[in-house]
Amino acid sequence: MSTILEMTDVSKRYRTAGGFGRGRKGFLAVDGVSLHVERGEALGLVGESGSGKSTLARMANGLVVPTSGTVRTDGQDIARLGRRGLRRLRRNVAMVFQDPLASLNPLQTVRQTLENVFHAHGETTSTAELVALLESVGLGADYLKRYPHEASGGQLQRVAVARALALKPDLIIADEPTSALDVSVRAQILNLLADLQRDQGISFLHVSHDLAVIRLYSDRVAVMQRGRIVETGSSEEIFRSPQHPCTRALVEATPEAELPA
Ligand SMILES: Nc1ncnc2c1ncn2[C@@H]1O[C@H](COP(=O)(O)OP(=O)(O)OP(=O)(O)O)[C@@H](O)[C@H]1O
Ligand SMILES: [Mg+2]
């Protein structure tokens, strides 16, 4: 296996209220974190609210710039990428967000949303290609002409996944991709992501506060607390013998029915 994402000693300090950091140190949301994701692997990132998961996930594709530390995708330091390199980064590392409705432009049809991804990278596409893309996420061709308000949350999240898949990324960062959805469609979306990992060899960094979800859909788990990773291990290890109190609390908060026998 080769490493698709490697973050080394990465920190993020936000300048919080107080006026451009005057006399203030700001807030250290991520504090010296190192992690890696191998090709074809799904790494689950769990932790309590505010522990820095989204900040860390966004640093992995350059949406948030680290205060210190290095982020490498496919061996390349993203801080050293020029314009072309950044374009390539955006192709190779795609994102799926929590709220599909908020992440899609309400004034654009699904066709326009998908076409824009190709156009942004100087590429053309065809109806056949767009239909195939929709089919790969379990939607029919009739969705091409729909606007976001004409689809359900689960269907929209499928569109968001199709948009992420459009340029054949190596890594998808999914930040709470099912938290905003009805319980009844959560498993469908999670199964779709698992299929993509298995069938297309796509790697995942999957952020969730739900350890049951992470256990089922991740190979490895990293647990965050107050900006740090306090424990990592295989999904099985983390459940069988959680070491850190934070991990234990998360395991204990997971309903019995969802724990392994
Ligand atoms: N742009 C910002 N400016 C200032 N502080 C921020 C900013 N974004 C996040 N924070 C703070 O950094 C900390 C980590 O936030 P982050 O969103 O990464 O946590 P999280 O683990 O994703 O939480 P959740 O589970 O609620 O999504 C929080 O205390 C948050 O208030
Ligand atoms: Mg978050």
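Using the heavy atoms of the protein chains alone and a 1.4 angstrom probe, what is the accessible area of segment 3-252 per residue in square angstrom?
48 Å²
Ligands, DNA and RNA excluded, the heavy atoms of Thr232 present near 80 Å² of accessible surface to a 1.4 Å solvent probe. Surface composition of the chain: carbon plus sulfur atoms contribute 49% of the solvent-accessible area (1.4 Å probe, protein chains only, all chains present). Residues considered: Ser235, Ser68, Ser218. Largest GNM mean-square fluctuation over the chain, using C-alpha springs under 10 Å, is found at Ser68. Relative to its Kirkwood radius, the Cα radius of gyration of segment 113-191 gives an Rg/Rh of 0.96.
Kirkwood Rh over Cα pairs of segment 142-261 into Stokes-Einstein at 4 °C, 1.567 mPa s: D in µm²/s? Estimated diffusion coefficient is 82 µm²/s.
Comparing mean-square fluctuations of Asp31, Asp210, Asp182 from a GNM of the chain with C-alpha springs under 10 Å, the top value falls on Asp182.
Kyte-Doolittle mean at least -1.0 and Cα extent at least 24 Å along the axis: which DSSP H helices of the chain qualify? Before the final figure, lay out each step's value.
Numbers: long enough: 183-200 (26 Å, 0.05).
Sorted by number, the helices that extend far enough and score high enough are 183-200.
If you count the DSSP beta bridges with both ends in segment 3-252, what percent of them are antiparallel, to the nearest 5? Can you show the working numbers first?
Details: 21 of 39 bridges.
Just about 55 percent of them are antiparallel.
When the Gaussian network model of the chain links Cα atoms closer than 10 Å, the mean-square fluctuations of Gly201, Gly140, Gly82 top out at Gly82. For the chain, the square roots of the Cα gyration tensor eigenvalues, ordered a ≥ b ≥ c, give a/c of at least 1.5 with a/b no greater than b/c, which places it in the oblate category. Comparing Cα centroids, segment 172-186 and segment 95-151 end up 18 angstrom apart. What the Cα convex hull of segment 22-125 gives, in volume per residue, is 174 Å³.
Could you tell me the relative contact order of the chain? Use alpha-carbon pairs under 8 Å, at least six residues apart, and round to a whole percent.
Numbers: 485 pairs, mean separation 67.3, N = 261.
Relative contact order comes out at 26 percent.
The values are calculated or read from the model by the stated rules, or taken from the named source; none is laboratory data. None of the values given here were measured: they were computed from a predicted structure. Heads up: the accessible areas ignore ligands, DNA and RNA and are worked out on the full protein's heavy atoms, side chains in. Shrake-Rupley method; radii C 1.70, N 1.55, O 1.52, S 1.80 Å.
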